[in-house]
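Read through the structure below, which is laid out as structure tokens, and then see the notes.
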Amino acid sequence: MNLSELALGALYTLIFPGFLFMAVVGLLLTWVDRKVAAIVQSRMGPPWYQPFADIGKLLAKRMVLPRGAQAVGFLAAPLLSVIGATMAGVIVFRALFAPASGFMGDLIVLIYLSMLPAIALIIGGASSRSPFGAIGASREMSMVLAYEVGFLLSAITVMVKVGSIRFADISSYQVLHGSLAWSLSGILALAVLLLCMQAKLGFLPFDISEADTELIGGPLAEYSGVGLALFKISRAMMFFFLPVLAVLLFLGPVQATFLSILAFLVKLLAVLVLLILIKTTHARLRLDQALNFFWTKIAVVGLIALGLALLGL
């Protein structure tokens, strides 16, 4: 690998479509989240720069290591969360901007990388030596085992429908046959994916591991300064690339024309607003209710979608 290839790789990972691009747009989308919630609740909401001001304030503060905490796990967890969100986002946006540059199995790799922020949250909470962190980490572990099943079934439905595990082939299929969401298996798999995304983002009604009114943030209860800022940035990045992933998998194709790009942005905005409205209009579920929902309802619908895809429907 020569110097120019290394520089190009650094550009992809750090600037565009990497960390900096996703962090900036993700924080802007958190403002959209707060603004839509304010409109629903008849409030004004914050100015557009408020998320950046919040992150800047956290970055300016000292990160405190709790007494008795496992330093390695506690300090490494925020970095792991950002790394996972960055690498997963790079795969998604390379598939969006340059589908031909993908590799065999990039969708499988994305599924694994998208789990890293949740795993980091578990590690951070378990390492904090806080009862709130430990309970929150335990809840997060249970939730991951529940919602990842539906997330995986939704992705497998797409793979079966298209007959490939590459984003490039998924895009090509939708160019020829239309959006996967127009099929029966596709619409069911999309519904499953959106609800699992709600849980992956830690949004109501599935913010059970953090539960501010019960656990004071759960795994994040002992985090401050840079550590808390990194977790919030990784959450904002996921709020950006997960809806893009949903559009790419089910509502594509995206082509290099003005109308196609405009349609993509409209679809992306629709997915974002739907996630925000669910978050704003639903109360938090108990852990047993959420697990029952994902294991019995979402998993069953995901299996039905997969079965229909196998039948070509």
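A few comments on the model shown:
- Residue within the stretch 15-34 that is of a type in the set (Lys, Arg) and modelled with pLDDT of 85 or more present: yes
- Test for Val144: is it hydrophobic (A, V, I, L, M, F, W, C), surrounded by 23 or more Cβ atoms within 10 Å (Cβ to Cβ) and closer than 28 Å to Phe293 by Cα: no
- Residues satisfying the stated conditions in the stretch 26-80, i.e. crowded, with 16+ Cβ neighbours inside 10 Å, among the β-branched types (Val, Ile, Thr) and under 19 Å from Leu230 (Cα atoms): Thr30, Ile55
- Single unsatisfied condition, Lys232 versus (1) surrounded by 24 or more Cβ atoms within 10 Å (Cβ to Cβ); (2) assigned to a helix (DSSP H, G or I): (1)
- Of Ser209, Ser234, Ser171, Ser179, all but one fail to be at pLDDT 90 or above, among the polar types (S, T, N, Q) and touching a helix residue (DSSP H, G or I) at 6+ places or on another chain (Cβ under 7 Å); the exception is Ser234.
- Candidates in the stretch 240-257 are the residues that are more than 23 Å from Leu28 (Cα to Cα) and part of a helix (DSSP H, G or I); of these, the one that is nearest to the chain's Cα centre (by Cα) is Leu249.
- Residues of the stretch 113-134 satisfying the condition of being modelled with pLDDT under 90 and surrounded by fewer than 20 Cβ atoms within 10 Å (Cβ to Cβ): Arg129, Pro131, Ala134
- Restricted to the stretch 177-203, and to residues there that are small (Gly, Ala, Ser) and closer than 13 Å to Val247 by Cα, the residue that is surrounded by the fewest Cβ atoms within 10 Å (Cβ to Cβ) is Gly178.
- Residue, nearest to Ile123 (Cα to Cα), within the stretch 205-229, restricted to residues that are among the β-branched types (Val, Ile, Thr) and assigned to a helix (DSSP H, G or I): Val226
- Gly105 vs. criteria out of contact with any helix residue (DSSP H, G or I) (no Cβ under 9 Å at 6 or more places or on another chain) and surrounded by fewer than 24 Cβ atoms within 10 Å (Cβ to Cβ): yes
- Selected residue [in contact (Cβ under 8 Å) with a residue 40 or more places away in the chain, of a type in the set (A, V, I, L, M, F, W, C), touching a Gly at 6+ places or on another chain (Cβ under 8 Å) and surrounded by fewer than 21 Cβ atoms within 10 Å (Cβ to Cβ)] from Ile216, Ile165, Ile170: Ile165
- Residue in the stretch 291-302 that is outside any helix (DSSP H, G or I) and exposed (fewer than 14 other Cβ atoms within 10 Å of the Cβ) present: no
- Out of Phe206, Phe258, Phe240, one residue alone is without any contact (Cβ under 8 Å) to a residue 24 or more places away in the chain and among the hydrophobic types (A, V, I, L, M, F, W, C). It is Phe258.
- Top-ranked residue in the stretch 250-271 [being in contact with a helix residue (DSSP H, G or I) (Cβ under 6 Å, 6 or more places away or on another chain) and modelled with pLDDT of 90 or more; ranked as surrounded by the most Cβ atoms within 10 Å (Cβ to Cβ)]: Phe250
- Residue that is farthest from Gly26 (Cα to Cα), among those in the stretch 273-286 that are surrounded by fewer than 18 Cβ atoms within 10 Å (Cβ to Cβ) and of a type in the set (A, V, I, L, M, F, W, C): Leu285
- Restricting the search to helices (runs of 4 or more DSSP H) fully inside the stretch 19-132 and requiring at least 1 residues that are closer than 21 Å to Leu201 by Cα, under 15 Å from the mean Cα position of the chain (by Cα) and acidic (Asp, Glu) gives 19-40.
The values are calculated or read from the model by the stated rules, or taken from the named source; none is laboratory data. If you're wondering where the values come from, they're calculated on a predicted model, not measured in any experiment. Note: ideal-geometry Cβ built from the backbone for every residue, glycine included; neighbour counts use all protein chains shown.
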